[in-house]
Amino acid sequence: MPKHTLIITALQTELAQSRLPSNLHVVYSGVGKINATIATLKAIEQYKPAQVINFGTVGSIKPHLSGLIEIRRVIQRDVIAEPLSPRGRVPFCERPHEYFAQSGQHTCASGDSFVTSKDPWLDDQGVDVVDMELYAIAVVAHMHGVPWTSFKYITDHTNEESASDWNAKVNHGEDLFLEHLRSLRTCY
């Protein structure tokens, strides 16, 4: 199969395959880092893409952020193995603890929890947004030498209303992402 762009999204409610150009394929990973790892591994092996684009929803740590943003750096937020290693780092692991896209300007912290309150550690790490899949996607792409890009739509601001805000806005970023995707000539 020829190399192409592969889009990885957690849920169909975030991005419908039927809305994409016929030459682009979306893989739905499911929610969380384990599901994203498995789906990304299988997709890279099957499609052998030249690049991976992740699109999804995020909660914002920064009150001024909204809309569609591009992620430059991703870290883990839920690995807490102190004193064996600092938070965010897997003890005795040789892999990097952070991954970088070729473009973007925001930092995302991934973890297997839905964030509904402030966490000072996130501010200390310069985190802008939180999600549940990007770190896993970036790790697998890095291991296979496949460049990745990530566009995230901010649905909530990590507070008591986060779950209801996410439910109400889960598909609001689709049009913005599709419009941005049209401007990326590498996809067509």
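Simple rule: put +1 on each Lys or Arg Cβ and -1 on each Asp or Glu Cβ in the chain, find the dipole, and look at ASN167, LEU15, SER66; the Cα lying farthest toward the positive end is LEU15. Listed values for the stretch 117-134 are Karplus-derived 3J(HN,Hα) couplings in whole Hz (6.51 cos²θ - 1.76 cosθ + 1.60, θ = phi - 60°), namely 8, 6, 9, x, 4, 4, 4, 4, 8, x, 6, 9, 9, 10, 9, 10, 9, 4, and x replaces Gly and Pro.
Here, the chain is characterised by an Rg to Rh ratio of 0.95, where Rg is the alpha-carbon radius of gyration and Rh the Kirkwood radius. Tell me, which longest segment in the chain has none of the GluC sites (Glu not before Pro) that fall in DSSP loops with at most 16 further Cβ atoms within 10 Å? Longest run free of exposed loop sites: 1-93.
Quick check: Cα centre of the stretch 31-55 to Cα centre of the stretch 128-188, how many Å? Between the Cα centres of the stretch 31-55 and the stretch 128-188 lies a distance of 14 Å. Pairs spanning more than 28 Å between alpha-carbon atoms, out of LYS48/LYS169; LYS62/LYS169; LYS42/LYS152: LYS48/LYS169.
Sparse packing (at most 15 other Cβ atoms within 10 Å of the Cβ) combined with a DSSP loop state is found for the following chymotrypsin sites (Phe, Trp or Tyr not before Pro) in the stretch 77-140: PHE92, PHE114.
Taken about its Cα centre, the chain carries a charge dipole of roughly 740 debye when the Cβ of each Lys and Arg holds +1 and the Cβ of each Asp and Glu holds -1. Listing VAL74, VAL115, VAL170 from fewest to most neighbouring C-beta atoms within 10 Å gives VAL170, VAL115, VAL74.
Sum -39500 (n - 2.57) across every DSSP H segment of at least 4 residues in the chain, then divide by the residue count to get the 222 nm mean residue ellipticity, nearest 500. The helix contribution divided over the chain gives -7500 deg cm²/dmol.
Throughout, read-outs are computed from the coordinates displayed, never taken from laboratory work. Because the structure is predicted, anything quoted here is derived from the model rather than measured. Cβ coordinates were reconstructed from backbone atoms using ideal geometry, including for glycine residues, and neighbour counts include every protein chain displayed.
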